[in-house]
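Reviewing the structure listed below.
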Amino acid sequence: MVVTCEQVWHELSNYLDGEVSPEVRVAMDEHLRGCQKCSAVLDGTRNVIGLYGEDRMFEPPQGFSQRLHKRLEENMPRQRGTAFGWMVAVAAALLIVGSFEIGDSSAFVGPQLRSEHAQPGTGVPPEMMVVVAEDGKLFHAGAGCPLLHDKAHLRTMTTSEARREGYTPCVRCMKQYLNESAGLEKDDDDDGEFASSASVGK
């Protein structure tokens with residue numbers, strides 16, 4: 001049996017503990033006689049085990065700790081922090097925080113929607129006249145929408161005004177508006193809903 005250097009290194013601890021099979025031990029002995037590198041690794045491992053195996057500890061010489069600290073301090077790079085450097089860092093941090101505060105201010109954020117589940121309408125013409133109920137959450141294309149509640153307190157405004165006040169579009173009205181704009185008619189089997197955009201190509 002022939003072993004390689006890698007196999008010797010892998011089994012070195014077991015070899016020193018006497019936990020390898022006799023044939024592996026013979027092969028390792030033969031390899032170690034011919035390989036200086038593996039012999040040096042074996043000797044070094046024996047030395048380390050010998051040092052750690054001894055009960056006595058080595059005492060460092062008197063004053064060693066102070067000399068070590070002094071040498072480390074001499075070789076450590078000096079701190080370069082100055083008052084001016086700290087002021088520049090603080091000013092930069094304040095500038096960054098300030099820009100986030102300005103970005104989050106209400107001047108740049110749209111109106112708060114009247115319903116937490118609502119989504120702002122997109123694609124609705126901003127000058128289109130719509131109807132809203134004072135206590136409602138939706139804007140409607142006309143007063144005839146069955147989803148329009150509190151018809152006693154209606155107001156008329158443009159969609160841009162309705163959005164500013166937090167109203168969101170009524171899906172039913174917008175669907176009707178888009179279908180009428182495309183020239184589609186009511187679909188009888190749709191329970192009062194208007195034809196979907198899929199039927200545009202019919």
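No value in this document is a laboratory result; all are computed from the given coordinates. Small disclaimer: the values here were computed from a predicted structure and weren't measured. Neighbour counts are summed over all protein chains in view; Cβ atoms, including those assigned to glycine, are modelled from backbone coordinates with ideal geometry.
Structure values in brief
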| item | result |
| --- | --- |
| By average C-beta atoms within 10 angstrom, highest first, the peptides 11-21, 131-141 | 131-141, 11-21 |
| Förster-model FRET efficiency, 22 Å R0, Thr156 and Asp135, C-beta, rounded to 0.05 | 0.85 |
| ³J(HN,Hα), Karplus 6.51/-1.76/1.60, whole Hz, each residue of the stretch 35-50, x for Gly, Pro | 10, 5, 4, 5, 5, 5, 5, 4, 4, x, 5, 4, 5, 4, 4, x |
| Calculated FRET value between Glu30 and Phe84, using beta carbons and R₀ = 41 Å, to 0.05 | 0.05 |
| Phi to ³J(HN,Hα) by Karplus 6.51 cos²θ - 1.76 cosθ + 1.60 over the stretch 10-22, Hz, x for Gly, Pro | 5, 9, 4, 5, 5, 4, 5, 7, x, 10, 10, 5, x |
| Amide H within-cut-off set for Phe139, under 5 Å, with H built and near neighbours excluded | Thr168, Cys170 |
